[in-house]
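The values are calculated or read from the model by the stated rules, or taken from the named source; none is laboratory data. In this text, all values refer to a predicted model and were calculated from it rather than measured experimentally. For neighbour counting, all protein chains shown are included, and Cβ atoms are generated from backbone atoms with ideal geometry for every residue, glycine included. Surface areas here come from the heavy atoms of the whole protein model, side chains and all, with no ligands, DNA or RNA. Shrake-Rupley method; radii C 1.70, N 1.55, O 1.52, S 1.80 Å.
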Amino acid sequence: FGCSTCKSADKPLEAFIRSLPLETSHHRVEGQSVKCGFGLQGVCCRLCSNGPCRVTPKAPKGICGATADVIVSRNFLRAVAAGSGCYIHIVENTALNLKNTALAGGAIKGEKALDRLCGLFGITAADKYDKALAVAEMVLADLYKPEYEKMALVNKLAYAPRRANWEKLGILPGGANAEIVKGVVKCSTNLNSDPVDMLLTCLKLGISTGLYGLTLTNLLNDVMLGEPEIRLAPVGLGVIDPDYINIMITGHQHSCFSYLQDRLTDPEVTAKAAAVGAKGFRLVGCTCVGQDLQLRGAHYEEVFVGHAGNNYTSEAVLATGAIDAVLSEFNCTLPGIEPICDMLNIKQICLDDVAKKSNAEYMPFVFESRASDSDRIIDAVIASYIARRGEVALNLQPEHGNSDTLTGVSEVSLKDFLGGSWKPLIDLIVSGDIKGVAGVVGCSNLTFGGHDVLTVELTKELIKRDIIVLSAGCSSGGLENCGLMSPEAAELAGPKLRAICEKLGIPPVLNFGPCLAIGRLEIVATELAAEIGIDLPQMPLVLSAPQWLEEQALADGAFGLALGLPLHLGEAPFITGSKLVVDVLTEKMKSLTGGQVIVDPDASSAADKLEGIILEKRAALGL
Ligand code: SF4
Ligand code: FE2
């Protein structure tokens, strides 16, 4: 299993993966290094039995007559619609869980968050359960609207100048689920062949994805699970303690196991752990749901110590031998963990069949039976612990990661930290002590020199230029394990940003948590813009998803473009086969929404471009 080509920005992790006696996704990169040129450019179509058709200079059209522009935009819209479907599934389940929690008189841990939502939505009920029910029902009603009926909450969630821009472009979304169906229908065989219409549909899906799938999922979770609180926490493989029964969590739907999470600290359940020789239960954070739990970690210290790593760290987490079960409810649950779980006798449990693994036990999350189901899961995990401990060798990495990652940053906790207003941050931007703000978001992948390599290098380049970085998604997992979210990382920042960070005791990279928290970044950006009195595209604010991975990231990207923001990507999203699509996304978008895509795989030149845009925006504001 030698893996001399395995590469990660996280060098101790890289060394660990290279030493493993098992195959991981890192090992398979080499075997997949020859990419399909047609797929890469987005010019392969296999929508009908006349295909697959591949566009070449000699054969510039598919058999049906579809041009490269049509094939590329169709493939792109399909991907965005699929990505939107993923996020809308998450917010739908989250809203259903809030509704059921309200009806059952369950745990409402974030009453302030609930009141803020009620204020935003115009709900005047007095009782907290009536409030929560009303909030959940308003969200669900919008998600289930037909495509021809506009979603009502967009008017309350969207920044007014943006809403006006979207109305002008005709991209205000109808019901989110119905918009996904419409998007998929548009790109089936011999239907839509207008690339611009399809790209505008992508923006529309981006808006419903962003405002509901991203923003609202966080806010609904805040109500059920408690609000983020800023604190320092440990991260990395070092958080794994073999004295506990350890459950690795992967996915994006935190509220699907919140009951179980609370149950794990019940004396009756901890006694069960003690009876088999364990100190108790621990959830080990992995992927975005681990980030979500880390964000709210102040409320769950008894059952959660820290986040271990992102999607392509999950195999390493399992390889420590100290994980007794994997609890998954969504992506990014890699198929490649299945043989590793088999090899190390790790129990796999799926709570949602959208993320069903072939050798996992499917225990669907059903609100009504959550108590008995949680006990069934706990018993299954204990049985796994008994069966495997002593049989499977431990390969712990106690030194991996760090103990002082700043977490718990949200649109609310950050503003509180600044004294209850955005003014201090605006003043720093105006004075130039902070040149601008960059959201480094999205996933991690294994291209561009390896796991998190471009993400970490670009982030270093940005902070060096006195640009503060806000992060959300699996990118955060890499940045924190590499130490960029520890207060000492201030020394890597430019002199002005460094001085601010040292004064405040914060790192130059602030972790908002899961990819869902891109929605929190949107709230921060909007509140800053509103306070200054400008629209989002005027802000010295840029986005980058340097190592975007999935279709979901493309839906996020469409949201960023709809917001009118410059969006850097390390790799083009399979569109380069169409001049028209490239031109619309990289140039024409500026006159539509104000946004633009910038593709650059090099950290230093990408940072130069993003800095250049920030300087232009500053100049336009007279700064
Ligand atoms: Fe070829 Fe057109 Fe069929 Fe696609 S839809 S496979 S381009 S004939
Ligand atoms: Fe995610």
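None of VAL317, VAL381, VAL305, VAL354 is of a type in the set (A, V, I, L, M), within 26 Å of ASP266 (Cβ to Cβ) and open to solvent by 20 Å² or more (accessible area, probe 1.4 Å) except VAL305. Return yes when CYS515 is in contact with a Cys (Cβ under 6 Å, 6 or more places away or on another chain) and either within 16 Å of ligand 1 (Cβ to nearest atom) or modelled with pLDDT of 95 or more (or both) and no when it is not. For CYS515, the condition - in contact with a Cys (Cβ under 6 Å, 6 or more places away or on another chain) and either within 16 Å of ligand 1 (Cβ to nearest atom) or modelled with pLDDT of 95 or more (or both) - is met. Taking the criterion of being within 16 Å of TYR385 (Cβ to Cβ), open to solvent by 10 Å² or more (accessible area, probe 1.4 Å) and either in contact (Cβ under 8 Å) with a residue 24 or more places away in the chain or of a type in the set (A, V, I, L, M) (or both), the residues of region 264-273 that qualify are ALA271, LYS272. Scanning region 12-23 turns up no residue that is in contact (Cβ under 8 Å) with a residue 60 or more places away in the chain, under 30 Å from GLY210 (Cβ atoms) and more than 16 Å from ligand 2 (Cβ to nearest atom). Checked against (1) closer than 29 Å to SER19 by Cβ; (2) away from ligand 2 (no atom under 16 Å from the Cβ); (3) β-branched (Val, Ile, Thr); (4) open to solvent by 10 Å² or more (accessible area, probe 1.4 Å), VAL276 meets all criteria but (1).
Hey, any hits in region 416-436 for a residue that's without any contact (Cβ under 8 Å) to a residue 24 or more places away in the chain and touching a Pro at 6+ places or on another chain (Cβ under 8 Å)? Checked region 416-436: at least one residue is without any contact (Cβ under 8 Å) to a residue 24 or more places away in the chain and touching a Pro at 6+ places or on another chain (Cβ under 8 Å).
With a requirement of 3 or more residues that are closer than 30 Å to LEU504 by Cα, the helices (runs of 4 or more DSSP H) lying completely within region 334-447 that satisfy it span 411-417, 423-431. When region 417-433 is filtered for residues that are open to solvent by less than 20 Å² (accessible area, probe 1.4 Å) and over 22 Å from GLY519 (Cα atoms), only GLY432 remains. Is it the case that some residue within region 143-155 is acidic (Asp, Glu) and either at pLDDT below 95 or crowded, with 16+ Cβ neighbours inside 10 Å (or both)? Checking region 143-155: at least one residue is acidic (Asp, Glu) and either at pLDDT below 95 or crowded, with 16+ Cβ neighbours inside 10 Å (or both). Take LYS204 and decide whether it is assigned to a helix (DSSP H, G or I) and either under 18 Å from SER374 (Cβ atoms) or open to solvent by less than 10 Å² (accessible area, probe 1.4 Å) (or both). Considered against the rule, which asks whether it is assigned to a helix (DSSP H, G or I) and either under 18 Å from SER374 (Cβ atoms) or open to solvent by less than 10 Å² (accessible area, probe 1.4 Å) (or both), LYS204 comes out as no.
Among the residues of region 45-73, which ones are assigned to a loop (DSSP other than H, G, I, E, B), open to solvent by 90 Å² or more (accessible area, probe 1.4 Å) and under 22 Å from VAL584 (Cα atoms)? Listed by number, the list holds a single entry, PRO57. Residues in region 242-293 that are closer than 15 Å to VAL326 by Cβ and of a type in the set (Lys, Arg): 1 in all. Taking region 477-512 as the range and being in contact with a Pro (Cβ under 7 Å, 6 or more places away or on another chain) and either open to solvent by less than 20 Å² (accessible area, probe 1.4 Å) or touching a residue at least 40 places away in the same chain (Cβ under 8 Å) (or both) as the test, the residues that pass are LEU484, MET485, SER486, PRO487, ALA489, ALA490, ALA493, LEU497, CYS501, ILE506, PRO507.
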